[in-house]
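S.K.: I have a structure I would like to understand better, so I am pasting it below and will then ask my questions one at a time.
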Amino acid sequence: SLQLARNQSGKPITQLSLVAGKRKPAASEFWIHTETVSVPENMSEEARTGVKDREISVAFPLDKAYKAGKIFAFLPTEVESGLRFLVNLDLILTANRESLQAEGDWNRWLRDESVGVIANGIVEISMNKTHQKKCYGFIPLKEDLKSHTTFFSPICSRVHKTLSTQAFVLTEKNGLKLPNQTRLANKG
């Protein structure tokens, strides 16, 4: 039997442990960043009538061995995005819950709202002395996308654009600067 245990005592870091039978629990740590977004008044989705806001969560894996990219709609889907983190959105899914409906306004709205949540999570990690160097590995790249590339591609470019206005680049003096205020030093 499989059991999932979650330890949130170190928020925003959450430890998830998976126990299979009598084996030793396999634990992974995630930096969880969650925001609530308001549904636009002009949004019309029959399956979400009366919904005023939605929560978007991004789980950045802090363990190198953990393979990210899974998309959740409260429960896991079969969608392996290729993004370097896990995303939980209230997506409209196909009837078998295995995939997302990429063409709907609701899903595109949530995708677009996730950009700020992802960027804010990366910036939040950059301010944590223990994990700040890991934040750069979470920046989404189009070439990493595995499925629904047309749907997920805007996340990559928009996160890059949003991060370009944030002071999150670590400098030699351990300060955080805007990307355009930094440059790579010569190794010589």
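S.K.: In region 157-188, which residues are of a type outside the set (A, V, I, L, M) and farther than 18 Å from Ser126 by Cα?
M.R.: Matches in region 157-188: Ser157, Arg158, Asn186, Lys187, Gly188.
S.K.: Here is a further query. Could you grab me the full set of residues in region 143-166 that are part of a loop (DSSP other than H, G, I, E, B) and open to solvent by less than 50 Å² (accessible area, probe 1.4 Å)?
M.R.: Across region 143-166, the qualifying residues are Leu145, Ser147.
S.K.: I would also like to ask the following. Within the group Leu93, Leu89, which residue is in contact with a Lys or Arg (Cβ under 9 Å, 6 or more places away or on another chain), open to solvent by less than 40 Å² (accessible area, probe 1.4 Å) and within 21 Å of Phe152 (Cβ to Cβ)? Outline the logic, then answer.
M.R.: Numbers: Leu93 fails: in contact with a Lys or Arg (Cβ under 9 Å, 6 or more places away or on another chain).
When all the criteria are applied, what remains is Leu89.
S.K.: Here is a follow-up. Name the strands (runs of 3 or more DSSP E) wholly within region 1-76 that hold at least 1 residues that are modelled with pLDDT of 70 or more and open to solvent by less than 50 Å² (accessible area, probe 1.4 Å)?
M.R.: Correct list: 13-20, 26-38, 53-61, 70-73.
S.K.: Testing Ile122 on (1) in contact (Cβ under 8 Å) with a residue 24 or more places away in the chain; (2) in a loop (DSSP other than H, G, I, E, B); (3) crowded, with 18+ Cβ neighbours inside 10 Å, one condition comes back false. Which one is that?
M.R.: (2)
S.K.: Right, Ala27: of a type in the set (A, V, I, L, M) and over 14 Å from the mean Cα position of the chain (by Cα) or not?
M.R.: Spelling it out, Ala27 is indeed of a type in the set (A, V, I, L, M) and over 14 Å from the mean Cα position of the chain (by Cα).
Results for (1) exposed (fewer than 13 other Cβ atoms within 10 Å of the Cβ); (2) at pLDDT 95 or above; (3) of a type in the set (Asp, Glu); (4) within 19 Å of the chain's Cα centre (by Cα), shown as yes or no for each residue.
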residue: Gly116; (1), (2), (3), (4): no, yes, no, yes
residue: Leu141; (1), (2), (3), (4): yes, yes, no, yes
residue: Leu170; (1), (2), (3), (4): no, no, no, no
residue: Leu176; (1), (2), (3), (4): no, no, no, no
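S.K.: Of the numbered conditions (1) without any contact (Cβ under 8 Å) to a residue 24 or more places away in the chain; (2) among the small types (Gly, Ala, Ser); (3) at positive phi, Ala68 fails exactly one; give the number of that condition.
M.R.: The failed condition is (3).
The values are calculated or read from the model by the stated rules, or taken from the named source; none is laboratory data. This structure is a prediction, so every number in the text was calculated from the model and none was measured. Positions of Cβ are backbone-derived with ideal geometry, glycine not excepted, and every protein chain shown enters the neighbour counts. Keep in mind that these areas ignore ligands, DNA and RNA; they rest on the heavy atoms of the full protein, side chains included. Shrake-Rupley method; radii C 1.70, N 1.55, O 1.52, S 1.80 Å.
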